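Enquirer: Structure provided below as structure tokens; questions to follow.
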Amino acid sequence: MHDAAQAGPGAGPAFPEIREEVAKLCARYPSAYWQKLDREGRYPSEFVDELTQAGYLAALIPEEYGGAGLPLSGAAAILEEIQRAGCNGAACHAQMYVMGTILRHGSEAQKRQYLPRIASGELRLQAFGVTEPGSGTDTTSLRTEARRSGDRYIVNGQKIWTSRAEHSDLMILLARTTPRAEVKKRTDGLSLFIVDMQAAKNRGLTIRPIRTMMNHSTTEIFFEDMEVPAGNLIGEEGKGFRYVLSGMNAERILIAAECVGDAKWFTERSASYAGEREVFGRPIGQNQGIQFPVARAYADMRAAELMVREAAALYETGADCGAEANMAKLLAADASWAAAEACVQTHGGFAFAEEYDIERKFRETRLYQVAPISTNLILSYIAEHVLGMPRSY
Ligand SMILES: Cc1cc2nc3c(=O)[nH]c(=O)nc-3n(C[C@H](O)[C@H](O)[C@H](O)COP(=O)(O)OP(=O)(O)OC[C@H]3O[C@@H](n4cnc5c(N)ncnc54)[C@H](O)[C@@H]3O)c2cc1C
């Protein structure tokens with residue numbers, strides 16, 4: 001399959017050496033590995049450990065804190081290659097963008113305390129507790145509260161869909177520190193905390209796994225008088241929502257890169273199977289009914305890839321890239337879903353057999369229409385913030 005020119009028209013993909021090394025690492029985790037995990041609902045600890053030891057999950061941590069200090073497009077290249085190889089970066093992608101919260105808004109002491117240990121793999125920062133049962137898309141109506149008491153905060157409430165919580169040492173938690181009735185804007189009064197989950201387990205923190213249609217290690221979390229030292233507040237009290245927003249562009253761009261990787265995986269599978277499989281005495285790929293959906297999904301992926309590149313380039317200059325990051329996520333999630341659908345149709349009945357991996361990747365890539373932000377909300381963002389139409393909610 002012809003590859004996109006990520007570094008500019010006519011040039012090869014950006015970060016070719018990193019891509020090659022990631023592909024080599026992924027080759028050590030073949031289909032059988034992921035199929036077994038999927039069946040057992042188990043976390044890919046070995047895979048994540050190897051990515052950590054190779055330094056990939058610390059790609060965005062600056063060198064002075066022990067990371068690789070790569071730009072966002074480097075991290076995007078890593079995640080894209082993981083997905084393209086048929087592996088699942090959802091097991092670990094959060095570490096890349098969640099740590100940005102500490103980097104951008106944490107105190108120097110917090111950065112020195114946590115970032116080098118995250119970079120070395122001593123501490124895992126894979127959990128991000130924002131969503132609650134009563135507040136999904138409408139984040140500011142969340143109810144988990146953190147009440148200041150002397151040198152600590154006492155946290156009560158509940159989160160849902162806190163992924164990888166059982167495989168993380170730290171969690172970034174968003175909680176209300178000033179009741180909604182007492183703030184001028186509903187976005188005020190929310191604060192971010194670094195929670196030491198290992199210390200809090202059985203001391204006010206309870207984690208319950210949620211089984212989902214794909215193997216995602218997601219959980220619901222209950223807080224009952226959980227204590228968090230006041231020193232673990234990130235930035236200023238009451239400004240947490242702003243800090244969360246500031247990390248969203250990076251998250252959108254990285255997830256979009258994963259979707260591009262998924263779309264490439266599906267399309268490579270489709271094209272190769274369509275050339276081999278003979279029905280009525282000729283390859284099914286000779287039929288335009290088989291070719292066209294695969295070709296269209298490929299074109300969609302290439303367009304999405306350009307938008308991912310543009311969004312990352314803007315991000316790296318420090319410019320506002322909200323529109324591009326959102327559009328990259330929208331287009332890439334649509335492209336991966338179209339490629340997945342075409343791949344199932346191309347494989348006919350065999351798409352449903354576990355051994356082909358298609359049904360697994362199909363389930364995995366479906367998530368990105370919903371999380372970490374749903375397609376509808378991106379469309380609302382474009383309508384309101386790019387096109388100047390009235391706010392719809
Ligand atoms: C597997 C998985 C992993 C996740 N991991 C995490 C995690 O690690 N941390 C975390 O904090 N959260 C996580 N999430 C939560 C995820 O971010 C939310 O599911 C997502 O934001 C949507 O929220 P919701 O599910 O409550 O949907 P709702 O907010 O209930 O929305 C339901 C549907 O209505 C649509 N909708 C709502 N309002 C509007 C509107 N005004 N206009 C048009 N359409 C609208 C939405 O687009 C959606 O399709 C995860 C979710 C899943 C499924």
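Enquirer: What does the convex hull of the alpha-carbon atoms of region 16-120 project to on average, in nm²?
Expert: Values: hull surface 26.0 nm².
Mean projected area for region 16-120: 6.5 nm², to one decimal.
Enquirer: Also, I was wondering about something else. Rounded to whole Hz and in sequence order, give me ³J(HN,Hα) for region 286-302 from the Karplus expression 6.51 cos²θ - 1.76 cosθ + 1.60, θ = phi - 60°, writing x for Gly and Pro.
Expert: Karplus-based 3J(HN,Hα) across region 286-302 equals 6, 7, 5, x, 8, 5, 5, x, 5, 5, 5, 5, 5, 4, 4, 5, 5 Hz.
Enquirer: Report the far tail of the P(r) of the chain, meaning the percent of Cα-Cα pairs longer than 34 Å.
Expert: Numbers: 22023 of 77028 pairs.
Counting every Cα pair in the chain, those more than 34 Å apart make up 29 percent.
Enquirer: From the backbone phi of region 339-351, what are the Karplus-calculated ³J(HN,Hα) couplings (6.51 cos²θ - 1.76 cosθ + 1.60, θ = phi - 60°) in whole Hz, Gly and Pro given as x?
Expert: 5, 5, 4, 5, 5, 4, 5, 5, 7, x, x, 5, 4
Enquirer: Could you pull the Cα extents of region 240-289 along its three principal axes, largest to smallest, in whole Å?
Expert: 63, 16, 10
Enquirer: Hey, can you rank 301-310, 262-271, 227-236 by average C-beta count inside 10 Å, highest first?
Expert: Numbers: 301-310: 22.2, 262-271: 25.6, 227-236: 17.1.
Averaged packing, sorted descending, gives the order 262-271, 301-310, 227-236.
Enquirer: Under the rule of at least 5 residues apart or a separate chain, name every residue whose amide H is placed under 5 Å from the amide H of Ile210.
Expert: Result for Ile210 returns Thr218, Thr219, Glu220.
Enquirer: Roughly how many debye, to the nearest 20, is the charge dipole of region 247-386 about its Cα centre, given +1 on each Lys and Arg Cβ, -1 on each Asp and Glu Cβ, and no other charges? Mind dumping the intermediate values first?
Expert: Numbers: 13 positive and 20 negative charges, 65 e Å.
Here the size comes out at about 320 debye.
Enquirer: Please report how far the C-alpha centroid of region 306-384 lies from that of region 200-248, rounded to the nearest whole angstrom.
Expert: Here the answer is 26 Å between Cα centres.
Enquirer: Which ³J(HN,Hα) values, rounded to whole Hz and listed in residue order, are derived for region 224-239 from phi using the Karplus coefficients 6.51, -1.76 and 1.60 in 6.51 cos²θ - 1.76 cosθ + 1.60 with θ = phi - 60°, glycine and proline given as x?
Expert: Ordered by residue, 3J(HN,Hα) equals 10, 6, 6, 9, 10, x, 4, x, 8, 5, 8, x, 8, 4, x, 9 Hz.
Enquirer: Further question on the same structure: Packing-wise, with mean Cβ within 10 Å as the measure, how do 329-335, 376-382 rank, highest first? Write down the numbers at each step before the final one.
Expert: Numbers: 329-335: 26.9, 376-382: 15.9.
Averaged packing, sorted descending, gives the order 329-335, 376-382.
Enquirer: Positive end of the charge dipole of the chain (Lys, Arg +1 and Asp, Glu -1 on Cβ, about the Cα centre): tell me which of Gly240, Leu142, Ile221 has its Cα farthest that way.
Expert: Leu142
Enquirer: A 26 angstrom limit on the alpha carbon distance is what I want to check against. Which of Lys329/Lys361; Lys36/Lys264; Lys111/Lys201; Lys24/Lys111; Lys111/Lys264 exceed it?
Expert: Check vs 26 Å cut-off fails for Lys24/Lys111; Lys111/Lys264.
Enquirer: Between Ala335, Ala271, Val370, whose Cα lies farthest towards the positive end of the dipole of the chain when Lys and Arg beta carbons carry +1 and Asp and Glu beta carbons carry -1, centred on the Cα centre?
Expert: Among Ala335, Ala271, Val370, the one farthest towards the positive end of the dipole of the chain is Val370.
Enquirer: Let me ask something else. Under the rule a/c < 1.5 gives rounded, and otherwise a/b versus b/c splits prolate from oblate, where does region 100-220 land using the Cα gyration tensor?
Expert: Numbers: a/c = 1.64, a/b = 1.12, b/c = 1.47.
Verdict is oblate for region 100-220.
Enquirer: Would you mind estimating how fast region 247-386 diffuses translationally, via Stokes-Einstein at 25 °C and 0.890 mPa s with the Kirkwood radius over Cα pairs, in µm²/s?
Expert: D = 158 µm²/s.
Enquirer: Sticking with this structure for a sec: Which residue, chosen from Ala323, Ser120, Tyr356, occupies the Cα position most advanced towards the positive end of the dipole of the chain, where the dipole is computed from +1 (Lys, Arg) and -1 (Asp, Glu) charges on Cβ about the Cα centre?
Expert: Of Ala323, Ser120, Tyr356, it is Ala323.
Since every read-out is calculated from the coordinates, none of them should be taken as a lab result. Computed from a predicted structure; not experimentally measured. Virtual Cβ from ideal backbone geometry, glycine too; neighbours counted across all protein chains shown.
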